[in-house]
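Only the coordinates and a few stated rules stand behind these numbers; no lab work does. Not measured: the values here are computed from a predicted model. Cβ sites come from the backbone with ideal geometry, for glycine too, and all protein chains shown count toward neighbours.
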Amino acid sequence: MNQNGTLQERIERWFEQGAAAAGSHEAEATFRELLCGLEAGELRSAQPDNSALGWRVNPWIKRGILLGFRLGSLVEMGSSKVLSFVDKGTYPARHFSAADGVRVVPGGSSVRAGAFVAKGVVVMPPAYINVGSYVGECTMVDSHALVGSCAQIGKRVHLSAAAQIGGVLEPVNASPVIIEDDVLVGGNTGVYEGTVVRKRAVLAAGTVLTRGTPVYDLVRGEIYKATAEMPLVIPEGAVVVPGSRAVNKGKGQEWGLSISAPVIVKYRDEKTELSLVLEDLLR
């Protein structure tokens, strides 16, 4: 324990200082300690637990990330005038070595400081992994994919081309988007607003999941929705495809309109597994 309190206590104290924390060497040192813990995977904005959701949010870590934005000032970054950036000095791009065991393929990808990327992860260009996110072992982050701030990505996940995993940094008490182990996220798929996708689920290309999106389970005859206490949760092994449902009143009915509605059409089986073998060949 630091003589001035635990890391959590120090983060909370400096966060409460607001703009007054800027310029404090102690505040900067506290933030750097947080950043190192995040990059090592020792600290997480959300972590597995035994609650009904199966995950616990750590609001103090989100406050620490926000503190970093307060402490940072704009600086020029990059190795040349041809390739340069201007951003908060507290959040430069991460650099990896061969010893890290992470493949960052050339072509414009970026991993921001404060993101954890485990061994065996492949980052195809261009992709972006934001601060506070956690990407587990042997996950594929494909071209044009986004891992938003504080998103939690499990092991052996495939984020296909143009998949968007939204970040939930604020409000600090809100659950971030969580993608558990062995999930396949199809191309042009969007997962937002704290949605939890359980292990081994498959999100077909073009599926969009948000807090306000009901999901219709044709197999079990259920409808999954977010509540005031719980985010939208996709069951383990579910195969979700884009669907639609008719508007049954007013002008929508008169005009024959329908709105998007994700549909669970099956649960993952051996045939589904065979269709995913290609992933292993790419790693």
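Couple of notes before you dig in:
- The slack in the chain from E170 to Q47, taken as 0.36 nm per residue of separation less the alpha-carbon distance, amounts to 42.6 nm.
- Rh (Kirkwood; distinct C-alpha pairs) - the range 62-221, Å: 16.3
- Residues of the range 50-79 with amide N under 13 Å of the 7 Å Cα→Cβ point at T6: 58-61
- Cα gyration tensor shape for the range 16-129, rounded if a/c is under 1.5, else prolate or oblate: oblate
- For the range 72-141: Kirkwood Rh in Å [reciprocal of mean 1/r, alpha carbons]: 12.7
- Estimated at 0.36 nm per residue, the fully extended path between N188 and R56 surpasses their Cα-Cα distance by 44.7 nm.
- Kirkwood Rh and Cα Rg combined as Rg/Rh, the range 1-83: 1.07
- Fewest-first ordering of R211, R200, R70 by other beta carbons within 10 Å of each residue's beta carbon gives R211, R70, R200.
- Were the residues from S258 through S24 laid out at 0.36 nm apart, the gain over their Cα-Cα distance would be 78.7 nm.
- Mean ellipticity per residue at 222 nm, deg cm²/dmol - from DSSP H runs of n ≥ 4 across the chain, formula -39500 (n - 2.57): -5500 deg cm²/dmol
- Proximal lysines to K271, defined as alpha-carbon separation beneath 20 angstrom and excluding residues fewer than eight positions away on the same chain: K199
- Bins of 5 Å, starting at 0 and running to the largest distance - Cα pair percent for the chain: 1, 5, 11, 16, 16, 15, 12, 9, 6, 4, 2, 1, 0, 0
- Charge dipole of the chain about the Cα centre (unit charges at C-beta), most positive-ward option of V157, A246, V131: A246
- Antiparallel bridge percentage (DSSP; both residues within the chain; nearest 5): 35
- Label-reachable residues, the range 217-257, where backbone N falls under 14 Å from a point 7 Å from D269's Cα toward its Cβ: 219-220, 238-239
- Nearest-ten-degree value, helix 7-16 long axis tilted from longest Cα axis of the chain: 90
- Residue exposure proxy: L159, L66, L71, ordered by other Cβ atoms within 10 angstrom of their Cβ from fewest to most, comes out as L66, L71, L159.
- Ranked by how many other Cβ atoms sit within 10 Å of their own Cβ, fewest first, the residues M124, M230 fall in the order M230, M124.
- Cα-only Debye scattering, the range 151-275: base-10 log of I(q)/I(0) at q = 0.14 Å⁻¹: -0.60
- Span from the the range 78-145 Cα centroid across to the the range 1-58 one, whole angstrom: 22
- GNM remark for the chain: springs join alpha carbons under 10 Å apart, and the peak mean-square fluctuation among G78, G18, G68 falls on G78.
- Of all lysines in the structure, those lying under 28 Å Cα to Cα from K249, and not within fewer than 8 positions of it along the same chain, are K225.
- Label-point gap, in nm, between Q17 and S244 - each point 7 angstrom along Cα→Cβ: 5.6
- Ranked by the mean number of other Cβ atoms within 10 Å of their residues, highest first, the peptides 125-132, 144-151, 265-272, 245-252 come out as 144-151, 125-132, 265-272, 245-252.
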